[in-house]
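For reference, the structure discussed in these notes is given below.
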Amino acid sequence: MACRGCDAPSITDNNEPVAVNSIAGRRRAAYDAHIMANISDNRRYITNFGSQRAGHVLTDILVIGSGVAGSSAAIEATKFGRVTLITKGDFQASATATAQGGVAVASAPGDSPTLHFEDTMRVGGGLNNAAAVDLLVKQGPARIETLLSWGWEADRSHGALDRGREAGHSLNRILHAAGDQTGRVLAKTLFDKVQAETRIRVFEHCFLIDLITVEGKCLGAVTYHKKYGHQLIWAKQTILASGGCGQIWRETTNPPCATADGAAVAYRAGAVLRDMEMVQFHPTTLYIAGAGRALISEAVRGEGAYLVDADGHRIMADVHPDGELAPRDIVSRAIHDHLTKTRTTCAYLDVRHIRHFGQRFPYISQLCHNFQIDPAHDLIPVRPSAHYMIGGVAVDLQGTSSLDGLLCCGEVASTGVHGANRLASNSLLEGLVFGATCGETAGNRASQKEQPARIIDLVEETPRSARTELDLPDIDNSLRSVMWRNVGIIRSEDRLDETNDILKFWAHYVLDKTLNSPAGWQTQNKLTVAIMVTKSARERDESRGVHFRSDAPTKSTGNPYHVLVSKHGSQTRVEREPL
Ligand code: SIN
């Protein structure tokens, strides 16, 4: 088979396929693409360390990440053993805390898990794992009850839970808290719960450098702590819940911590990743030159906001019967097309007719006022931006990845719930449901192992590259620009090939370095994952869900497939897995 869009030879028919795992291995015979291309040289770890020189922590279950998925996993896992939770910043500084819209759950009168299932599948573009969606919608209501019992104060009117509307939902089912500060309230509730659990030890400001693997098994992680330096955390089971990758794109709703660490680390450790081309773009991010990008929740359109251009023309009027509440990919593309056609820089949200806007959306109102925009009188300038990584480490219904001893949940995982397009506000619910499942699975497995987690002698000494020092901010900015320009809302073969060449060139002198700070490792992780996204987007030569190729603008008529990416020695394998 010819090598498409890559820089190294394809596997020939004589090559023995490598048995990667149970997920990918099941359908190995049916693969119809085998593409090999370098992401980096054959580095297993991105930093040098030695077990003689580092501090050691022994635990039953290691959880990486303090967002909704990581916290839920840790809380559940304490029922089985000792838990260590690490997070690279403050506990409550995760992407979860920035969520506005809310938590989708089928608990309203007239709603049902069946309706929620149907909405999720309809939006998902034919790539959802129906069993995972079924689990989500059926377990969701009980998880919300548990969350309320922990003190999560969802908004109510006349005592009953208040439910908002977002795109793709056939009725109002989005719970929210403090108006548009759902995530902040949720993160605080989870923080309090974790603090109250005596069997969870939390390390904040503890950066995940790499997962430790010995003979194909994950045994914990190499970390860097602001105060304790390098530590090796040895665990019987490890749960990766480290969030997403929005910082790879110039325009993003994601907080600064979303630097793709989890996906890069899992890749280096040998796990299989799935559908990394599936990046959801949110249609409405506050667009003010020079200011940080901030989400303007879809719930605003759910309350009736119009999406207009500078002349007041409603952009969605002729595009989709659901108008402003069409699925996100359609709204994002419509804005993109309109701005290109009219050579303008942003669209606007018109909320002037919405009564009590400030009460319902206090955070967004304040944000607008900070920039002298009064939503009662002014239009709010918006543009689409990268919002959510739908792809991730391939896991099964229990959260098990292809790497023995590693489970994943939350944005870093690909459970199959979101298919090719995530239904709005399904991800906090996914974090609650699959986080708890992961915690239970890992806890069960850890308690079945009689041996405690143990220290193994390990040394990594990669010689430093002789090349010059790096200007990390320059690399970051260049990366974000090229990804936004070429691997953004609209993609095409030639742009993807060009990007692949550019990233490959950068990889030669960025990924060969042994850096010694979180900023450097983050840049290396972002570049690693940007390459995966680009190669996966190149491999999917059709348009489906959030992935739009202008050179292949329709869904393929053949069998739907996943795009898998994994590391084999010094090579990156990109391949298709039929559903
Ligand atoms: C939003 O509030 O618009 C974001 C909700 C989500 O991404 O699910």
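Report, by residue number, each residue of region 158-209 that is open to solvent by 40 Å² or more (accessible area, probe 1.4 Å) and part of a strand (DSSP E or B). If the condition is that a residue be open to solvent by 40 Å² or more (accessible area, probe 1.4 Å) and part of a strand (DSSP E or B), then A160, R163, R201, V202 are the ones that fit. Which one of the conditions (1) touching a Phe, Trp or Tyr at 6+ places or on another chain (Cβ under 9 Å); (2) at pLDDT 95 or above does D329 fail to meet, given that it meets all the rest? Answer for D329: the failing condition is (2).
Residues that are open to solvent by 30 Å² or more (accessible area, probe 1.4 Å) and assigned to a loop (DSSP other than H, G, I, E, B) do not occur anywhere in region 57-76.
If I filter region 312-320 for residues that are within 16 Å of the ligand (Cβ to nearest atom) and either surrounded by fewer than 24 Cβ atoms within 10 Å (Cβ to Cβ) or on the phi < 0 side of the Ramachandran plot (or both), do I get at least one hit? Scanning region 312-320 turns up at least one residue that is within 16 Å of the ligand (Cβ to nearest atom) and either surrounded by fewer than 24 Cβ atoms within 10 Å (Cβ to Cβ) or on the phi < 0 side of the Ramachandran plot (or both).
Against the test of being in contact with a His (Cβ under 7 Å, 6 or more places away or on another chain) and closer than 22 Å to F434 by Cβ, the options V83, V133, V137, V63 yield a single qualifying residue, V137.
In region 246-271, the residues that are part of a loop (DSSP other than H, G, I, E, B) and of a type in the set (F, W, Y) form Cβ pairs under 8 Å with partners that are open to solvent by 20 Å² or more (accessible area, probe 1.4 Å) and away from the ligand (no atom under 16 Å from the Cβ), at six or more places apart or across chains, as follows: W249/R480; W249/W484. Screening the candidates T528, T523, T534 for the property of being touching a residue at least 40 places away in the same chain (Cβ under 8 Å), farther than 17 Å from M276 by Cβ, touching a helix residue (DSSP H, G or I) at 6+ places or on another chain (Cβ under 6 Å) and crowded, with 22+ Cβ neighbours inside 10 Å yields one hit, T523.
Filter region 409-425 down to the residues that are within 15 Å of the ligand (Cβ to nearest atom) and part of a loop (DSSP other than H, G, I, E, B) and list them by number. Of everything in region 409-425, those that are within 15 Å of the ligand (Cβ to nearest atom) and part of a loop (DSSP other than H, G, I, E, B) turn out to be V417, H418, G419, N421, R422, L423, A424, S425. Residues that are among the charged types (D, E, K, R) and free of Cβ contacts under 8 Å to residues at least 24 places away in the same chain within region 88-140 comprise just one, D134. Can we say C245 is among the hydrophobic types (A, V, I, L, M, F, W, C), modelled with pLDDT of 95 or more and either within 16 Å of the ligand (Cβ to nearest atom) or in contact with a His (Cβ under 7 Å, 6 or more places away or on another chain) (or both)? Against the criterion (among the hydrophobic types (A, V, I, L, M, F, W, C), modelled with pLDDT of 95 or more and either within 16 Å of the ligand (Cβ to nearest atom) or in contact with a His (Cβ under 7 Å, 6 or more places away or on another chain) (or both)), C245 qualifies.
For region 178-192, state whether one or more residues are in contact with a Phe, Trp or Tyr (Cβ under 9 Å, 6 or more places away or on another chain), hydrophobic (A, V, I, L, M, F, W, C), within 16 Å of the ligand (Cβ to nearest atom) and closer than 30 Å to T557 by Cβ. No - not one qualifying residue is present in region 178-192. Across region 356-368, the qualifying residues are those that are open to solvent by 90 Å² or more (accessible area, probe 1.4 Å) and either over 17 Å from R163 (Cα atoms) or hydroxyl-bearing (S, T, Y) (or both), and the one among them that is nearest to the chain's Cα centre (by Cα) is Y363. Filtering region 137-151 to residues that are open to solvent by less than 10 Å² (accessible area, probe 1.4 Å) and either within 16 Å of the ligand (Cβ to nearest atom) or more than 11 Å from L428 (Cβ to Cβ) (or both) leaves V137, G140, I144. Of the residues in region 255-306, how many are of a type in the set (F, W, Y), surrounded by 24 or more Cβ atoms within 10 Å (Cβ to Cβ) and either within 16 Å of the ligand (Cβ to nearest atom) or over 16 Å from the mean Cα position of the chain (by Cα) (or both)? Result for region 255-306: 1.
Restricting attention to region 426-440, the residues that are within 8 Å of the ligand (Cβ to nearest atom) and open to solvent by less than 10 Å² (accessible area, probe 1.4 Å) total 1. The number of residues in region 376-402 being more than 16 Å from the ligand (Cβ to nearest atom), over 22 Å from C257 (Cβ atoms) and open to solvent by less than 10 Å² (accessible area, probe 1.4 Å) comes to 1.
The values are calculated or read from the model by the stated rules, or taken from the named source; none is laboratory data. All values reported here derive from a predicted model rather than from experimental measurement. For neighbour counting, all protein chains shown are included, and Cβ atoms are generated from backbone atoms with ideal geometry for every residue, glycine included. In case anyone asks, the SASA skips ligands and DNA or RNA and just uses the protein heavy atoms, side chains included. Shrake-Rupley method; radii C 1.70, N 1.55, O 1.52, S 1.80 Å.
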